[in-house]
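The values are calculated or read from the model by the stated rules, or taken from the named source; none is laboratory data. Bear in mind the structure is a predicted one, so any value in this text is a computation, not a measurement. So basically every Cβ, Gly included, is an ideal-geometry build from the backbone, and we count neighbours across all protein chains shown.
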Amino acid sequence: MNYQIDENGFYGPYGGAYVPEVLFSNIENLGESYQAVLNDPGFQKELSRLLKLYVGRETPLYPSPYLSGLYQTNVFLKREDLCHSGSHKINNTLGQVLIAKRLGKTRIVAETGAGSHGVATAMACALLKLPCFIYMGEVDIKRQFPNVERMRLLGATVVPALSGSKTLKDATNEAFRDWINNPVDTFYVIGSVVGPHPYPDMVAQLQSVISREILRQVPDLTGKVMPDHVVACVGGGSNAAGSFYHFLNSPEVKLIAAEAAGKGLDSGFTAAATFRGKEGILHGSKTKFMQTKEGQVLEAHSISAGLDYPGIGPLHAWLHDTGRAQFIAVTDDEALDAGLALSEMEGIIPAIESAHALAALSHLDFKPDDVVVVCLSGRGDKDLETYIQYSNFKKTSHENI
Amino acid sequence: MKIFEENRLKTIFHSPEKKVSIYFTAGYPALIDTVQILKLLAESKVDFVEIGIPFSDSVMDGEVILDSHKVALENGMTIEILFDQLEKIREQVSIPIVLMGSMNPVYQYGFEKFCRRCNEVGVNGLLLPDLPLDDYENYYRVWYQQNDLAPIFMISPQTNDERIKRIDMLGEGFLYALSGNSTTGGSSEIGKSSDYLKKLLNHKFINPVVLGFNIKTKADIKFANQFADGAIVGSAFVKTLKGGFDKERIVHFLEDLIE
């Protein structure tokens, strides 16, 4: 089975470039040049230098005594939370802003949900000296205000997205609209493995530094050549694509994607696109997303703003259909419990997004000698308020019993 | 199939006069207004109409049309209802109709069934801005042809000459030339891309060329007609519908707009 894009930018039936004519030449130009740029030794040298000295790579593959004990196996955390900016997002933004400069673009736009991608874009733009405009849903601006201040401090202009549900999908629409109005000078830095070709593949390649390091680290730490399981959370799916990338063609490595079930798959408040979505065309590609039978896009719900997106990237839709990856739906409460437990037991506060991957472990069976790698995609500083509220709520409910 | 009768949209371009088209969103401002607005436009000097299929996430559209989509969806507008409305009124109005919208609602309705229903209810052209030319050629063209549905494509200042040629070869009815790089109802002045507009004038097209986006007034239409075979007014018209269907206001707007 092939898990790479074909010459037209499709993973099986998913992907492609469904964009209005104004954007066609940009997409075509990027599609023709991105692979050459990514392969260019000069580009690779510059990006590697920044990933090492600016981001702080490589990130540790940390053996977790707590999780290993809990599941009677060998659990390792890929510590993307230790990246500068606080998540894996910066692996992608540095790469894309460097590509934008090579293409002669002078202005950056990006969308953000929780603010992680917005902050990582603002940092890359500050470092590489390009003005940037970050679209963020008005609702998200309110619930993630510290990140809004961070982006502003980094010199970015934060533009509220006022249309639709005023969350990530609408911020994405607004970023596309900005690009339609400024196609000549502007580069759109998409934050996940979504959007028109070549974005899903380009972002997957930029994030594949995660699986490249895992591939090197596992033999050093375990004596095994490959991990047995790689687990990652999926909103659009960039940290999962990056964690899976070098294992896609190694069927002995089980790939597990944790989706946000929100308040439950049948609650009407969910973001689990493979469970509740169907094939359609959104944000420039053919993929799976939640929609009405008339094809209107549904609002997603997840406690984690980073997973609060109605669709998934085309690669993941394909991994789902082919059975290459197993998709598990994790509820808000399961994720919060897993995040709080890791904080208490191991002194690591994970982003609520990443806590979905931790919670997925309880849905799986492991052998004692299995090597299980979980991508800890981000840190939970941005989520303190949610964790504290939930923790207090649980204490109160417990006392009442 | 109407084999012997030419598509009405194509017929109107046989005459040399410049054409004016109006865009409005199906089901806006009220669900049933599609029919009244269409009747009114058919009685006016407007040459053909474009009816927008509302979509929750239309990236091509600016504030005014986005708002109309939102209201239309809240009103319960669907493709099925639109076809029913058109079917009932089509005997009474002969004005050519182009449907315009994002791919996904059409894709979910079923592309073949959609084209067949277009033919049954008298739709003459279809414009889906995010439909790739390759997909059109590989999968959908046959259904347009079987149902006498003119495929309308856009060109923009970003479209290179080679691609313009390809689009002109594939398109029928007319080519929809964007007045500039923008979403609908943008504030940018038309005529900003003067090299592009001159190119439109000098290029030998197979199809008539109609200019759209940011055309709001009689003066804009006059300007557009220097370069093209006609002009389309969208957001400015949709704005006059805000607050409810008002026949007098619409008639007044059209009188101001068209010579």
Selection status of A:K142, among the basic types (K, R) and either outside any loop (DSSP other than H, G, I, E, B) or buried (at least 24 other Cβ atoms within 10 Å of the Cβ) (or both): yes
Single residue of B:D168, B:D135, B:D130 found to be crowded, with 19+ Cβ neighbours inside 10 Å, among the charged types (D, E, K, R) and free of Cβ contacts under 8 Å to residues at least 40 places away in the same chain: B:D135
Residue check for A:L30: of a type in the set (A, V, I, L, M) and away from chain B (no Cβ under 14 Å): no
Among the residues listed as B:K198, B:K216, B:K204, B:K222, the single one being charged (D, E, K, R), surrounded by fewer than 16 Cβ atoms within 10 Å (Cβ to Cβ) and not in a helix (DSSP H, G or I): B:K204
Condition check for A:G195: within 14 Å of another protein chain (Cβ to nearest Cβ), at positive phi and at pLDDT below 95: no
Top-ranked residue in the range A:264-281 [being within 14 Å of chain B (Cβ to nearest Cβ) and either among the β-branched types (V, I, T) or free of Cβ contacts under 8 Å to residues at least 60 places away in the same chain (or both); ranked as surrounded by the fewest Cβ atoms within 10 Å (Cβ to Cβ)]: A:K278
Positions within the range A:111-133 being part of a strand (DSSP E or B) and in contact with a Gly (Cβ under 6 Å, 6 or more places away or on another chain), in sequence order: A:T112
Residue that is farthest from the other protein chains (Cβ to nearest Cβ) [pool: residues in the range B:91-118 that are surrounded by fewer than 18 Cβ atoms within 10 Å (Cβ to Cβ) and assigned to a helix (DSSP H, G or I)]: B:R116
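Could you identify the single residue in A:N173, A:N182 that is surrounded by 24 or more Cβ atoms within 10 Å (Cβ to Cβ) and within 10 Å of chain B (Cβ to nearest Cβ)?
Going through A:N173, A:N182 in turn, the sole match is A:N173.
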Long-range neighbours under 7 Å by Cβ, at least six apart or interchain, first residue facing chain A (nearest Cβ under 7 Å) within the range B:54-67, second aromatic (F, W, Y): B:V59/A:F176
Of all residues in the range B:71-90 being within 12 Å of another protein chain (Cβ to nearest Cβ) and buried (at least 17 other Cβ atoms within 10 Å of the Cβ), the one that is nearest to A:K166 (Cα to Cα): B:L73
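If I ask for residues that are of a type in the set (D, E) and within 14 Å of chain A (Cβ to nearest Cβ), which ones from the range B:119-136 would you list?
B:D130, B:D134, B:D135
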All positions within the range A:282-325 that are closer than 26 Å to A:T386 by Cα and more than 14 Å from chain B (Cβ to nearest Cβ): A:H301, A:S302, A:I303, A:S304, A:A305, A:G306, A:L307, A:D308, A:I312
Residue selected from the range B:26-52 under the condition out of contact with any Pro (no Cβ under 6 Å at 6 or more places or on another chain) and assigned to a strand (DSSP E or B), by the criterion surrounded by the most Cβ atoms within 10 Å (Cβ to Cβ): B:G52
Qualifying positions in the range B:173-190 - part of a loop (DSSP other than H, G, I, E, B) and surrounded by 19 or more Cβ atoms within 10 Å (Cβ to Cβ): B:G173, B:F174, B:S179, B:G180, B:N181, B:S182, B:T183, B:T184, B:G185, B:G186, B:I190
